[in-house]
1. Identify all residues within region B:246-289 that are crowded, with 23+ Cβ neighbours inside 10 Å and part of a loop (DSSP other than H, G, I, E, B); write none if there are none.
2. What are the pairs with Cβ atoms under 7 angstrom where one residue, in region A:187-210, is without any contact (Cβ under 8 Å) to a residue 12 or more places away in the chain and the other, located anywhere, is of a type in the set (Gly, Ala, Ser)? Sequence gap at least six, or different chains.
3. Report whether or not B:Val30 is buried (at least 19 other Cβ atoms within 10 Å of the Cβ), more than 8 Å from chain A (Cβ to nearest Cβ) and of a type in the set (A, V, I, L, M).
4. Could you tell me whether any residue of region A:506-522 is within 14 Å of chain B (Cβ to nearest Cβ) and farther than 30 Å from B:Asp28 by Cβ?
5. Report the residue count in region B:238-258 for those that are of a type in the set (A, V, I, L, M, F, W, C), away from every other protein chain (no Cβ under 11 Å) and without any contact (Cβ under 8 Å) to a residue 40 or more places away in the chain.
6. Restricting attention to region A:190-198, does a residue exist that is farther than 24 Å from B:Lys381 by Cα and not hydrophobic (A, V, I, L, M, F, W, C)?
7. Only residues in region A:76-101 that are within 7 Å of chain B (Cβ to nearest Cβ) and more than 20 Å from B:Val399 (Cα to Cα) count as the first member; pair them with residues that are buried (at least 20 other Cβ atoms within 10 Å of the Cβ) and among the hydroxyl-bearing types (Ser, Thr, Tyr), Cβ under 6 angstrom, at least 6 apart or cross-chain, and list the lot.
8. Look through region A:467-505, keep the residues that are away from every other protein chain (no Cβ under 14 Å) and crowded, with 21+ Cβ neighbours inside 10 Å, and return whichever of them is nearest to A:Asn439 (Cα to Cα).
Number of protein chains: 2
Amino acid sequence: MGSLSGTSSSLAAAFDADSERFQPLNADDVRSYLHKAVDFIYDYYKSVESVPVLPSVEPGYLARQLKSAPPNAAAPFDVAMHELREAVVPGTTHWASPNFFAFFPATNSAAAIAGELVASAMNTVGFTWQANPAAAELEALALDWLAQLLLLPDSFMNRPCSAVVAGRGAGTRGGGVILGTTSEAMLVTLVAARDAALRRSGSDGVAGITRLTVYAADQTHSTFFKACRLAGFDPANVRSIPTGADTDYALDPARLLEAMRRDAGAGLVPTYVCVTVGTTSSNAVDPVGAAADAAAEFGAWVHVDAAYAGSACICPEFRHHLDGVERVDSLSLSPHKWLLTCLDCTCLWVRDTRRLTDSLETRPEYLRNHATESGAVTDLKDMQVGVGRRFRGLKLWMVMRTYGAAKLRQHIRSDVAIAKVFEESVRADHRFEVVVPRNFALVCFRIRPSATASMTEEDAEVANRELMERLNKSGRAFLANTVIGGKFVLRFAVGSTLQEERHVRNAWDLIKMTTTEIINGEVD
Amino acid sequence: MGSLSGTSSSLAAAFDADSERFQPLNADDVRSYLHKAVDFIYDYYKSVESVPVLPSVEPGYLARQLKSAPPNAAAPFDVAMHELREAVVPGTTHWASPNFFAFFPATNSAAAIAGELVASAMNTVGFTWQANPAAAELEALALDWLAQLLLLPDSFMNRPCSAVVAGRGAGTRGGGVILGTTSEAMLVTLVAARDAALRRSGSDGVAGITRLTVYAADQTHSTFFKACRLAGFDPANVRSIPTGADTDYALDPARLLEAMRRDAGAGLVPTYVCVTVGTTSSNAVDPVGAAADAAAEFGAWVHVDAAYAGSACICPEFRHHLDGVERVDSLSLSPHKWLLTCLDCTCLWVRDTRRLTDSLETRPEYLRNHATESGAVTDLKDMQVGVGRRFRGLKLWMVMRTYGAAKLRQHIRSDVAIAKVFEESVRADHRFEVVVPRNFALVCFRIRPSATASMTEEDAEVANRELMERLNKSGRAFLANTVIGGKFVLRFAVGSTLQEERHVRNAWDLIKMTTTEIINGEVD
């Protein structure tokens, strides 16, 4: 690599610098750059607790600090690292902060980061088995391991447990793939279900798409409804089943069945049901088995979105939330949420991989090879949107290999236990209410109208918005909100990986203090 | 983290180990694990030249070497690293090998790997601007930098150059987003074009989808045709425009126009044209401007897929391949192919971001925030399939910040120069032919039927297949093939980052020697 001095104004010098061989992957440079990055990361984790979680920058702040045009000359790597520290970090929302309680935590671990680093350096593109056999097989193994931790039925395994010795059993078609996001898992299964329903209903091409209907509770992630649009379903045929306090905002299978029967009666084709285990808004759990039973009447595809809460199901005490999973068609879960695996890593298991590959397979000439043609392997490009793919299985395998099931369960239980402490604190203060029962490590709460004698429902709405605003502006906590039953509710998500009980206690003290200030009319 | 000794059979010890606080992101452990990973990477780059590029493992090999069930107990990180070295590496197709000539190289650099490492550790999820302002703004900056290197028109910039001082100009809507793969870029633009065409043609919901038609040359990447299926286009309406030797397998704009007119005349709605700059098969370059002119007659969306060859257009001598780009709607380019940026990183620029967000926007309650509502920012989740997203802009910015435009151009030119040497070698040997003109760093060649007096076209086909087979089995080179004009052709892609001219010379010697053996009837 050239140095700044090599780009002097002397033409001769410039020519020398230019003709010097450029070695962007020189092993010594790689080691040196990575050691600098590791030092940065060490300092970052040591200091992230003490900086504001949410930065106070305004839109456009970065363009005022960094060059607006790309440099022509090379610069020492220290320059980029310096600008990272001085310009990027101050504008960062610190998901790694122990004071981060927003959305869901993006949990992480030393093993995952190291696995991702190795994958970035090897930089293989495993679209087919041949393009990286180890990546394809380690991905299958990691998915099977996690499936075992979740007690998923054999039918979702790449190598069913009962046939491990004998190899892949005849007729076995289950398996999985690691995708980037839940949205992609929804999209590819929606497309597979769509195509199957079109065939089943004798559609001429896609003409029959206007008759296909899909179903999900109104608490389902917005990205599901977007995925339906992407796949070409008619927005008028996407049924958002109303939920309410009677089911703690979970899907009511009777309402689902009623909607499907009404549609089928009207000549429509119920095609797909999305069931959520742990909704983003409030962690509601849709009844998996009952939804599968309703869908079975129409041959509709059932997908379980367990992006966040699925990870908890590696603990026996939470596994019941997946009861009935043996009757669904697919399940997705994102270890990048709650299983200590840095972004991105969404696991998708399907009971019949051929239903996916029927819709997603491509066979360009330059990807033909003996392994694919032998039928002995599944090329993972045929189970995803794109062709290229990172070696995502490595980090997930390293997390399970290094920490082991016992520690992973301890991690889940610790978060839940701390959330429980927070929940109890909220319940013990008459000014607050827990709005829905806590299922995992998310507590949905608000200042209740009766917090003071004169507070109305409208006052409470204003006070809760003000509470979130002040907390987030303090830099000492970051919470997101939701709306449940028409009410503005604060979401307190426990589990950022550097978080300890003391951070939750401090946040609770801050919440109480800020609430007192708001109730007393003190100006922020 | 627990140690193996902590999981002894003693119940008390197990309980102690269990109650010991689990700190998966302890800064000292992170540093220690990452240093081990860096040591591995250093050794890997130093040794990858000497190991077979393509492993000789059989399907199922890894399951025979690693545990089939996840461990319960924690293990030192060294265990995972040991299994990585002993079981995973031997089954890896080494894309980083200087003897890798297959597909397109996945180029990489110290700066990119370091950037990705930092992103993995910060592990932010920038779905909205608020969720990580620095990530959103650095991504916009990196895209603008690359757009400047490519001399893209201002209309594709997040901050048009001419308005950098004054800030975002009124009415400016151009901009970009970094996605995972080209397929995703195709899908989101197809959906935006589809929805606009449905509105334009007065469709009732999606009923009109059966009338929408899309166009691409028959050499277009298979993933385009898959993206059309994903977006719900009728397979019968996806026009694959035939190409031939007359255009060096590039799109013939006259044929495109003819197809569109025929469809429009039949009451169909030409909706989208995909133009490729540097096809995967043979690096053909479709004429961007002429395609845009044809599409303009029908208001169809024009997308340019410059996944590989777009990177070359940072050099003035290649920029003409993008001529006419100011008249297209979108352009995608993957720095993870030829711009030294590890997977995954696909840049998508669009002339009107609102056409994307109109189709892709979601507004869940828990993502509401002042910045979004002010309209001053674009939330990148609304320009992609999913919601979650890695901080991909960091590595791309670090590559440009550290190496600078001059070195990046030197990198492209060096690859092209080496490919030219290879091409000349092939042309100088009467037994071979270069099948299509070389445009960038890919040479498509084959043993020609006249290599020996008695060789027929059928013999040549067999000989070429045998040549590729023997080369790949040797472990000393890995090439992929394609079919051009019905003939089996070897693809020799120069540019793996550790590659030097000597590797290409060695490969050429191996090709000549192997060809001699085949022609002489020597058994492999």
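The values are calculated or read from the model by the stated rules, or taken from the named source; none is laboratory data. Keep in mind that this is a model prediction, so the values were computed, not measured. Cβ placement follows ideal geometry from the backbone for every residue including glycine, while neighbour counts extend to all protein chains displayed.
1. B:Tyr249, B:Ala250, B:Leu251, B:Gly278, B:Thr279, B:Thr280, B:Ser281, B:Ser282, B:Asn283, B:Ala284, B:Asp286
2. A:Gly205/B:Ala236
3. Spelling it out, it is not the case that B:Val30 is buried (at least 19 other Cβ atoms within 10 Å of the Cβ), more than 8 Å from chain A (Cβ to nearest Cβ) and of a type in the set (A, V, I, L, M).
4. No, region A:506-522 contains no residue that is within 14 Å of chain B (Cβ to nearest Cβ) and farther than 30 Å from B:Asp28 by Cβ.
5. Here the count works out to 3.
6. Scanning region A:190-198 turns up at least one residue that is farther than 24 Å from B:Lys381 by Cα and not hydrophobic (A, V, I, L, M, F, W, C).
7. A:Trp95/B:Thr124
8. Per the criteria, the residue is A:Val494.
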